[in-house]
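Below is one structure; the comments refer to it alone.
The values are calculated or read from the model by the stated rules, or taken from the named source; none is laboratory data. All of these numbers come straight from a predicted model, not from anything done at the bench. Cβ: placed from backbone, ideal geometry, glycine included. Neighbour counts: every protein chain shown. These area figures cover heavy atoms from the full protein model, side chains too; ligands, DNA and RNA do not enter into them. Shrake-Rupley method; radii C 1.70, N 1.55, O 1.52, S 1.80 Å.
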Amino acid sequence: MSPRPPRMMTPQSGSAIMVALFVIVIMALLAAAMGRFLLDSSEKNTVEVRGVRALMAAQSGLEIALYQLFPNRSGADLPAACANVAASRAFANDPGLKGCKVAVSCNEVQTQRDGEISITYRLTSQGQCGGEAPMGASPDFAVSRTLVAEAFDGVTP
C-alpha cells in the first residue's frame, strides 16, 4: 500500500467578494437616503421662502388698500369708501415678489361705538406665491397667506 498523498490546503475564495458586495449595497442605501434627505430639505426651504414672500405680498396689498381707503387728504375730500379700494394686483416687475399676486377685498361693517353707529372697514388681503413656477423649478405648488385688518377713520355718519 502506498501512502496517500497529502491534501493540498487550498484557501477559500469568494468570501471577500461577498463582503465587498455587502459594503457596496449598504453604501448605496446610505447614499439614496442622504439624497432623499437633501431633496426634502430643499422642498422645505422652498415652502418657507414662498411662505414669507406670500406674507409680504399680503402685507403690501393691505398697505396699498389702506392708503387707497385713507389717502393723505384734507377734510373736504371724499370720505373713505370700499369703492376706492382696488389693491388686487400681480407683482410682475418687482424682483422680490416676482411670481406673486395679491387679492384684496373690502367690506363696510356698521359698528356701535360709545353709543354711536359708525362704519368700520374690514380689509382682507390674500397673498399667493408659486403655482406657476418657471421651467425646471421644483416643486411646483402655491403658498398663500391671508391678513385681515379693520380700520376706522373716526368720522361718524
Legend entry - Accessible area expressed per residue, region 30-70, with surrounding protein chains retained (probe 1.4 Å, Å²): 62 Å²
Legend entry - Cβ-Cβ FRET estimate between M27 and A149, R0 fixed at 41 Å, reported to 0.05: 0.15
Legend entry - Residue-by-residue Karplus 3J(HN,Hα) for region 15-22, coefficients 6.51, -1.76, 1.60, Hz, glycine and proline x: 5, 5, 5, 5, 5, 5, 5, 4
